[in-house]
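Take a look at the structure set out below.
Any read-out appearing in this document is the output of simple, stated calculations on the displayed coordinates, not a laboratory observation. Being a predicted model, the structure only gives us computed values, none of them experimental. Cβ: placed from backbone, ideal geometry, glycine included. Neighbour counts: every protein chain shown.
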């Protein structure tokens with residue numbers, strides 16, 4: 001059986017006649033001497049090819065890190081390198097848009113007639129290379145396009161490729177994101193000459209990098225969109241209010257904004273004190289209290305910041321109606337007499353009249369302003385309008401904070417991705433700094449406690465190769481455990497079985513506690529598979545020590561890191577192969593030079609017949 005790209009022809013120039021045992025070494029020596037330049041050339045070509053592939057991969061990574069939001073230079077560099085290194089005539093990169101495909105990048109050396117046809121018609125040929133990629137999500141390698149059924153059936157796309165482009169051999173590599181086909185890289189030759197395994201692996205690597213470049217561009221576009229949204233929101237605000245000044249001076253910080261709002265509302269409305277609550281679906285949470293509130297009221301809210309929805313109270317009525325509620329005398333209300341918690345709240349605050357103004361966003365309840373008089377004195381319509389204005393500004397402040405936090409998170413993720421890509425490009429053969437950088441960034445941005453990167457061997461065993469933030473006890477467990485096969489119901493066991501992401505809300509709720517939970521205090525976790533095509537090569541796992549599931553953006557970031565880890569591993573493998581080839585070549589040269597020197601010394605000091613006899617016998 002021959003592997004892809006290997007020649008099936010016997011090595012030329014070898015002689016097979018029988019020789020005497022003692023003469024065999026002499027003949028081998030003479031053959032090796034004659035063949036040495038050819039072997040040196042072969043090794044040099046292999047070394048240069050491997051070095052060229054590593055250099056091309058590093059070049060692409062540098063372009064991605066320098067221009068994360070620009071796809072054109074990345075795609076152009078990929079296709080240029082692919083055609084040059086793989087000795088192809090033409091390359092194209094297609095992106096999928098629903099059920100249609102569009103060529104977004106191509107090399108410039110295609111025949112003009114073929115280019116014109118492809119501009120007008122980009123249909124998928126049934127049974128053709130692109131259709132095979134769509135059906136299998138695997139690399140498709142066609143030795144001769146003329147042998148395909150679509151060509152015999154005269155499908156326009158294949159006919160144009162063969163007859164207008166002159167193409168015969170075709171190689172297509174899928175671009176997969178979470179096992180979803182997003183694009184294809186295609187390279188073509190104008191002669192029937194299949195591509196080698198190394199060329200196929202290079203194109204697969206470029207396809208993986210193209211997906212990362214697309215993901216980086218998507219994140220950057222989202223970042224720009226969030227920036228536009230934030231700018232539009234800020235433009236709509238008036239700069240005349242003291243509260244808006246606080247919002248602009250402290251973007252992203254709600255506490256000073258809420259405090260300034262309460263101070264102004266209490267002062268202008270001549271209230272005794274105030275409180276600001278946020279609505280959390282089935283309860284109210286106190287997030288700000290006016291400094292003039294009675295100490296007992298402040299202490300009660302700090303000890304019990306979450307209030308249940310109680311019918312009859314001001315907040316209870318706001319929940320039901322989403323309208324402004326004013327109770328002239330809370331001590332005359334039924335809830336004061338029949339609900340002990342309401343009575344306790346009223347008496348610790350020593351208030352009589354309460355005004356509750358809802359904070360609404362697109363008709364949905366966000367929170368409420370409560371103002372209190374310690375005497376029976378209702379608030380005026382003008383005062384209510386002022387508080388309603390503050391409530392609207394509070395919603396704007398909350399939305400600005402949300403957008404800004406998302407903006408910062410997107411920027412952090414983009415920066416982290418670029419940092420990891422720089423580490424990969426600066427140390428292609430050293431995996432430790434790459435893994436450490438990924439884990440540090442993932443743990444930090446995802447607000448996790450610690451993380452571990454596992455390599456997978458033999459498609460069944462895991463081995464921890466990097467970790468950050470772990471407890472000494474868990475680190476000891478990782479070191480002592482070495483390679484292991486996880487339990488089937490453990491997160492890594494489920495990942496091993498499905499090769500899909502595992503998201504566990506609470507490790508302690510599982511059937512048996514994992515070492516991460518037992519020794520590291522893990523509760524919520526995500527385990528993201530590191531896949532090379534369909535082969536599982538590792539897993540990136542990050543943990544929280546509290547029950548708090550990860551959101552989609554955090555999961556997407558870790559997925560991106562996992563894909564980059566696979567590329568880093570592949571880069572390191574290519575570089576290690578290159579180093580091994582160099583070492584073997586150097587040893588071969590050293591051995592041959594030593595043998596030549598030995599034979600030369602014998603022939604210099606002994607008669608020719610004696611020297612030949614010694615060389616043939618292998619003795620000095």
Give the Cα extents of the range 282-351 along the principal axes, in whole Å, largest first. 29, 24, 19
Provide the convex hull volume over Cα atoms per residue for the range 408-574, in Å³. 102 Å³
Cβ density ranking, 10 Å radius, fewest first, applied to 101, 284 yields 101, 284
Against the rule of thumb 2.2 N^0.38 Å, how large the Cα Rg of the range 235-406 comes out: 0.98
